[in-house]
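Reviewing the structure listed below.
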Amino acid sequence: MKRAAFIGLGLMGHGMAGRYLDTGFQVALWNRSKAKADDLIGRGARWAASPGDAAADADAVVTMVADDEVSRHVWFGKDGAVAAMKPGALAIECSTVSYRHALDQSRELGARDLTYIDCPVTGLPDTAASGKLTLLVGAEPADLEKARPFLAPISSTIRHFGPVGAGTVYKLINNLMGAIQIAGLAEGLAMAEQAGLDMKLVLEAVETGAAASPQVIRHSRRMAMRDFADIGFTPTLRLKDAVYAVALAEGLLANAPIMGRAAVDAYRQAKAALPDGDEGQMIEIVSRPK
């Protein structure tokens, strides 16, 4: 039986960890809050006292945490995973981290005879729980093949963008584009409301017109109805991703990433107002009449 350690049981990580149980893996779990693991423990997972405890004897350690700082802590901090991992084990970073962080992690883990791949994901909590995520992979081809048995349970699509770091580059591009679209949608719908347009007609036009995208279609009706009961992605996390993406853009592009910086400014306001809310609530910030 293959052994997987899973670290980070947030909205996405909980469902991903459950998929390893569903597909017959021996699973060890660590999360800052044990309460989030209780149902998974009831299904057969082992609760670990630390990331290192979870990683001991694992064939692969999978992380799904918030940012560079938390990633660094669970891998290399006190009782971190790296010190307990057996030679040749896989380190699969599904978290959305910065490009520099992915490269640094790869170098440091490789020096310890561990195989690192960056493997951020796209999807929502329901697709995580059903094993239908899209994985954006940066890895050497042989390392990807080695990792496939641990990627298959959580995904329906694997996109291999190139060597380590390449998956993270695309994920940051993807999430920056999402931030720009969502902020623009909130502003556009707020303008339509204040101008007194028929919002039923506006939504029909938005969802079927040239500006439609999966992000626009998903958020437009929720924004117009102010229906944010099911939180998909918080302003705090989107802001973090946009900041990482803008930093990457500044290193790649001759001209300043103007749209990216505008999105960062918008999400700073959203985080300040509702850090743990839904990013669609951006409309509540921009819709105040003049």
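Does the range 19-54 hold any residues that are assigned to a loop (DSSP other than H, G, I, E, B), small (Gly, Ala, Ser) and open to solvent by less than 70 Å² (accessible area, probe 1.4 Å), and which are they? Passing the criteria: 24, 33, 44, 45, 48, 50.
Of everything listed in (1) in contact with a Pro (Cβ under 8 Å, 6 or more places away or on another chain); (2) small (Gly, Ala, Ser); (3) surrounded by fewer than 11 Cβ atoms within 10 Å (Cβ to Cβ), the single unmet condition for residue 232 is (3).
For (1) of a type outside the set (Ser, Thr, Tyr); (2) within 25 Å of residue 99 (Cα to Cα); (3) out of contact with any Asp or Glu (no Cβ under 9 Å at 6 or more places or on another chain); (4) at pLDDT 95 or above, each residue gets a yes or a no:
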position: 201; (1), (2), (3), (4): yes, no, yes, yes
position: 219; (1), (2), (3), (4): yes, no, no, yes
position: 231; (1), (2), (3), (4): yes, no, no, no
position: 236; (1), (2), (3), (4): no, yes, no, yes
position: 240; (1), (2), (3), (4): yes, yes, no, yes
position: 254; (1), (2), (3), (4): yes, yes, yes, no
position: 258; (1), (2), (3), (4): yes, yes, yes, no
position: 279; (1), (2), (3), (4): yes, yes, yes, yes
position: 285; (1), (2), (3), (4): yes, no, yes, no
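The residue of the range 42-67 that is farthest from the chain's Cα centre (by Cα), among those that are among the acidic types (Asp, Glu) and more than 18 Å from residue 24 (Cβ to Cβ), is 53.
Please verify whether the range 60-73 includes one or more residues that are more than 20 Å from residue 97 (Cβ to Cβ) and either not β-branched (Val, Ile, Thr) or not in a strand (DSSP E or B) (or both). Looking through the range 60-73, none of the residues is more than 20 Å from residue 97 (Cβ to Cβ) and either not β-branched (Val, Ile, Thr) or not in a strand (DSSP E or B) (or both). Of a type in the set (Gly, Ala, Ser), surrounded by 15 or more Cβ atoms within 10 Å (Cβ to Cβ), in contact with a His (Cβ under 6 Å, 6 or more places away or on another chain) and touching a residue at least 60 places away in the same chain (Cβ under 8 Å): which single residue out of 260, 280 fits that description? On inspection, the qualifying residue turns out to be 280.
The conditions of being open to solvent by 20 Å² or more (accessible area, probe 1.4 Å) and farther than 19 Å from residue 241 by Cβ are met by residue 157.
Per-residue answers, yes or no, for (1) open to solvent by 10 Å² or more (accessible area, probe 1.4 Å); (2) out of contact with any strand residue (DSSP E or B) (no Cβ under 7 Å at 6 or more places or on another chain); (3) assigned to a helix (DSSP H, G or I):
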site	(1), (2), (3)
112	yes, yes, no
117	no, no, no
126	yes, yes, yes
134	yes, no, no
137	no, no, no
145	yes, yes, yes
148	yes, yes, yes
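The set of residues from the range 160-184 being free of Cβ contacts under 8 Å to residues at least 60 places away in the same chain, over 17 Å from the mean Cα position of the chain (by Cα) and open to solvent by less than 40 Å² (accessible area, probe 1.4 Å) comprises just one member, 162.
Checking the condition touching a residue at least 60 places away in the same chain (Cβ under 8 Å), more than 25 Å from residue 175 (Cα to Cα) and of a type outside the set (Lys, Arg), which residue from 90, 29 passes?
Residue meeting the stated conditions: 90.
The values are calculated or read from the model by the stated rules, or taken from the named source; none is laboratory data. What you see is a predicted model, and the numbers here were worked out from it, not measured in a lab. With ideal geometry, Cβ positions are generated from the backbone for all residues, glycine too; neighbour counts draw on all protein chains shown. Note: accessible area is taken over every heavy atom of the protein model, side chains too, but ligands, DNA and RNA are not part of it. Shrake-Rupley method; radii C 1.70, N 1.55, O 1.52, S 1.80 Å.
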